[in-house]
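Student: Dropping a structure here in structure tokens format, bear with me for questions.
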Amino acid sequence: MTIMIEPQPGILDIALYQGGASHVAGVDNALKLSSNENPFGPSEAALEAYRRAGQQLHRYPSSDHSGLRTAIAEVHGLDADRVICGAGSDEIIAFLCQAYAGPGTEVLHTEHGFAMYRISALAAGATPVEVPERERVTDVDALLEACTESTRLVFLANPNNPTGTMIGPAEIARLADGLPAQAILVLDGAYAEYVDGYDGGAALVDARQNVVMTRTFSKIYGLGGLRVGWGYGPASIIDVLNRVRGPFNLSNAGIAAAEAAVRDTAYVTHCRTENSRQRGWLAEALAEIGVPSDVSCANFVLARFASPKEAAACNDYLAAQGLIVRMVAGYNLPNCLRITVGDESGCRRVAHAIRTFKEG
């Protein structure tokens with residue numbers, strides 16, 4: 001008998017996602033600046049909630065996440081019934097593609113957009129469409145021009161990863177208003193908390209029926225290891241997403257830690273303030289030695305080198321010094337390195353090492 005087991009179309013076109021490296025061969029205690037993690041970790045309130053949750057590991061978690069959804073709604077001024085929680089915002093992205101895209105449809109993302117948009121689109125059998133940016137900034141006109149009758153989802157990270165750039169609310173509204181009637185605009189706000197006063201697009205969601213916002217606890221809240229994210233959208237869309245969501249997609253520990261984290265607004269403010277201070281220092285220090293970067297609105301800087309060769313050589317030099325940053329050639333940025341903003345010591349170490357590399 002001939003075996004003809006094959007995956008669904010599109011699956012084998014997926015290149016495996018490569019997370020930021022965390023180890024360097026032969027180097028102990030390397031400083032990881034490759035995954036945009038909070039150098040201060042989670043708040044003490046979140047840690048204590050996590051420890052308490054350990055007493056309930058034999059119990060199934062809540063299937064409706066009501067406590068966490070209520071906390072998110074109260075802190076951000078949202079409708080809890082229109083909040084959905086997932087295993088990181090990645091899972092919300094996957095739900096959207098599973099529920100609204102598929103064979104014969106298209107999913108738009110920008111030229112330097114997050115890799116999971118393409119991966120989730122292909123996993124759903126849809127066709128990912130890469131749209132050019134303008135000097136590493138989202139081009140709304142290009143996105144609108146790329147829309148067709150097959151467009152179902154348009155993903156926009158704001159601030160964007162790995163560029164750190166963002167566009168303003170008026171441009172986002174223009175994009176939402178110009179989409180085809182069958183398309184949903186997905187605002188990925190993984191780094192929204194790093195922008196003081198920015199709601200991640202919540203007001204736009206409330207004002208329209210074709211916009212969904214995604215957020216995560218992996219970045220400023222320091223809970224990347226627990227995989228907790230959430231989305232906010234029109235009631236009809238959230239209802240659809242909940243129909244494909246597994247009932248126990250979050251753990252007790254993740255739910256408890258995230259609820260405590262979102263309520264600890266003082267800690268978020270502290271992390272945002274420190275990130276802004278260190279990010280500004282790092283960008284200026286790099287610029288002084290001939291390594292420019294765009295103004296970043298996130299917790300990393302995208303350092304630009306003269307050529308892909310120089311970027312790769314600098315990456316190798318940093319690794320030899322025990323400093324792990326992220327090469328982003330896979331994001332169509334071969335001459336760049338994405339450097340997470342660490343604490344003061346980490347920022348000074350990486351700036352000194354790059355200066356030494358440039359002067360060597």
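Student: May I ask you to say which residue of LEU185, LEU156 is in contact with a helix residue (DSSP H, G or I) (Cβ under 6 Å, 6 or more places away or on another chain) and at pLDDT 95 or above? Step through it out loud before you land on a result.
Tutor: Numbers: LEU156 fails: in contact with a helix residue (DSSP H, G or I) (Cβ under 6 Å, 6 or more places away or on another chain).
Only one candidate passes the filter, namely LEU185.
Student: Within region 145-174, track down each residue that is surrounded by 22 or more Cβ atoms within 10 Å (Cβ to Cβ) and not β-branched (Val, Ile, Thr).
Tutor: Correct list: ARG152, LEU153, PHE155, LEU156, ALA157, ASN158, PRO159, ASN160, ASN161, PRO162, GLY164, MET166.
Student: When region 320-341 is examined, which residues are found to be surrounded by fewer than 24 Cβ atoms within 10 Å (Cβ to Cβ) and assigned to a loop (DSSP other than H, G, I, E, B)?
Tutor: Within region 320-341, GLN321, GLY322, VAL328, ASN332, LEU333, PRO334, ASN335 qualify.
Student: Is there any pair linking a residue in region 146-164 that is at positive phi to one that is surrounded by 19 or more Cβ atoms within 10 Å (Cβ to Cβ) and among the hydroxyl-bearing types (Ser, Thr, Tyr), with Cβ under 6 Å and at least six apart or on different chains, and which?
Tutor: Listed by first residue and then by second, the contacts come to GLY164/SER296.
Student: Among the numbered conditions (1) in contact (Cβ under 8 Å) with a residue 40 or more places away in the chain; (2) surrounded by fewer than 19 Cβ atoms within 10 Å (Cβ to Cβ); (3) under 30 Å from ASP343 (Cα atoms), tell me where ARG51 comes up short.
Tutor: All conditions pass for ARG51, except number (1).
Student: Right, something else. Which condition from (1) crowded, with 20+ Cβ neighbours inside 10 Å; (2) of a type in the set (Val, Ile, Thr); (3) under 26 Å from LEU96 (Cβ atoms) is the one that VAL291 breaks?
Tutor: So VAL291 meets the others, but not (3).
Student: Right, next: Within region 68-83, is even one residue in contact (Cβ under 8 Å) with a residue 40 or more places away in the chain, of a type in the set (S, T, N, Q) and part of a helix (DSSP H, G or I)?
Tutor: Checked against the condition, which is being in contact (Cβ under 8 Å) with a residue 40 or more places away in the chain, of a type in the set (S, T, N, Q) and part of a helix (DSSP H, G or I), region 68-83 yields no hits at all.
Student: Look through LEU33, LEU96 and report the one residue that is closer than 30 Å to ASN160 by Cα, surrounded by 12 or more Cβ atoms within 10 Å (Cβ to Cβ) and outside the structural domain of GLU274 (by TED's automatic domain parsing). Quick ask: steps written out before the conclusion?
Tutor: Working: LEU33 fails: outside the structural domain of GLU274 (by TED's automatic domain parsing).
Sole residue among the options that is closer than 30 Å to ASN160 by Cα, surrounded by 12 or more Cβ atoms within 10 Å (Cβ to Cβ) and outside the structural domain of GLU274 (by TED's automatic domain parsing): LEU96.
Student: Go through ILE289, ILE324 for me and flag whichever is more than 22 Å from GLU111 (Cβ to Cβ) and in contact with a Ser or Thr (Cβ under 8 Å, 6 or more places away or on another chain).
Tutor: ILE324
Student: Conditions first: (1) buried (at least 20 other Cβ atoms within 10 Å of the Cβ); (2) in a loop (DSSP other than H, G, I, E, B). ILE237 passes all but one, so which condition is the exception?
Tutor: Every listed condition holds for ILE237 apart from (2).
Student: Checking GLY280 against (1) surrounded by fewer than 16 Cβ atoms within 10 Å (Cβ to Cβ); (2) in a loop (DSSP other than H, G, I, E, B), only one condition comes out false. Which one?
Tutor: Evaluating GLY280 over (1) surrounded by fewer than 16 Cβ atoms within 10 Å (Cβ to Cβ); (2) in a loop (DSSP other than H, G, I, E, B) leaves (2) as the failure.
The values are calculated or read from the model by the stated rules, or taken from the named source; none is laboratory data. Not measured: the values here are computed from a predicted model. Positions of Cβ are backbone-derived with ideal geometry, glycine not excepted, and every protein chain shown enters the neighbour counts.
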